[in-house]
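Below is one structure, written out as structure tokens; the observations come after it.
The values are calculated or read from the model by the stated rules, or taken from the named source; none is laboratory data. Remember, it's a predicted structure, so these values are computed and weren't measured experimentally. Neighbour counts are summed over all protein chains in view; Cβ atoms, including those assigned to glycine, are modelled from backbone coordinates with ideal geometry.
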Amino acid sequence: MVHRREINGQEIVFGNQGALWGNAMTWWDHDTGSIWSQPLGEAIAGPRRGQTIELLPSQLTTWGAWREAYPQTLALDAAAGRAGISLLDTVIVVELAGDSAAYPIGALRQQGVANDIVGGAPIAVVIDPTDDNRWAVFSRTLDDRVVELEIRFDQLIDRETQTVWDPVRGIGLDGPLAGEVLDLLPGVPAFNKDVPTFWPTVRFWPPSRVLESLQGPSVDASAGVKFPGGQSTF
């Protein structure tokens, strides 16, 4: 995840604090020594406790999938091993206006698109139909119009106008809304078991009626998406 490291116009310098909080990284800021939670972007101890920094749109994906979508990307050339993290083990958490929802990657790969409303805002969580390691979160609002998206013939299409959209950048490619752009929104990749630590009132997608339609021999809809004690997240 990526945050804007600025508070009220002041640039903040962070370091890795070293300890884990809720099984996730913590930082410390150099000027006050406050400790920050990485998933929340919030100071959890010290003089800045309770202050937050803005979460920006970003992706957890493979280097190959990213490079195909953004071939001009420059990357740090440093020796490193394999991360050992499968995107399939994660959910994408979207938090807006105090409301939060989580979208399991396994269910998204089956459905293609989650059209939802979070914090009163129409959003879509999209898996790229040409590479299921790429995903994005978009606002579905365009001026006074709200689009409903679906995957059809390996293309992202809105149902009303039949416009074809870029599933990575949210740009209208062909149709009545060609050239229009869906705003990218931030989403946080998180392990299923860690979600309730940071978002205790989270709502999990999909609704049960959609989940039933996804279940089949190739879909384990409950794998990795149960809280300790057996409570289902759906």
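What do you reckon, is D116 under 14 Å from P206 (Cβ atoms), among the acidic types (D, E) and modelled with pLDDT of 95 or more?
Working: under 14 Å from P206 (Cβ atoms): yes; among the acidic types (D, E): yes; modelled with pLDDT of 95 or more: yes.
Yes; evaluated as a whole, the condition is true for this residue.
Only one residue in L87, L76 is surrounded by 13 or more Cβ atoms within 10 Å (Cβ to Cβ) and hydrophobic (A, V, I, L, M, F, W, C), so which one is that? Quick ask: steps written out before the conclusion?
Values: L76 fails: surrounded by 13 or more Cβ atoms within 10 Å (Cβ to Cβ).
That would be L87, the only listed residue that is surrounded by 13 or more Cβ atoms within 10 Å (Cβ to Cβ) and hydrophobic (A, V, I, L, M, F, W, C).
Condition first: without any contact (Cβ under 8 Å) to a residue 24 or more places away in the chain and among the acidic types (D, E). Now tell me which residues in the range 1-30 satisfy that. I'd like the intermediate steps shown before the answer.
We begin by selecting, within the range 1-30, every residue without any contact (Cβ under 8 Å) to a residue 24 or more places away in the chain; these are 8-11, 13-21, 25-30.
If the condition is that a residue be without any contact (Cβ under 8 Å) to a residue 24 or more places away in the chain and among the acidic types (D, E), then E11, D29 are the ones that fit.
Quick test for you: out of R134, R152, R140, pick the one residue that is touching a helix residue (DSSP H, G or I) at 6+ places or on another chain (Cβ under 6 Å) and of a type in the set (K, R).
Numbers: R152 fails: touching a helix residue (DSSP H, G or I) at 6+ places or on another chain (Cβ under 6 Å); R140 fails: touching a helix residue (DSSP H, G or I) at 6+ places or on another chain (Cβ under 6 Å).
Only one candidate qualifies: R134.
Can you find a residue that is loosely packed, with under 14 Cβ neighbours inside 10 Å and either on the phi < 0 side of the Ramachandran plot or of a type in the set (A, V, I, L, M) (or both) anywhere in the range 158-166?
The answer is yes, given that some residue of the range 158-166 is loosely packed, with under 14 Cβ neighbours inside 10 Å and either on the phi < 0 side of the Ramachandran plot or of a type in the set (A, V, I, L, M) (or both).
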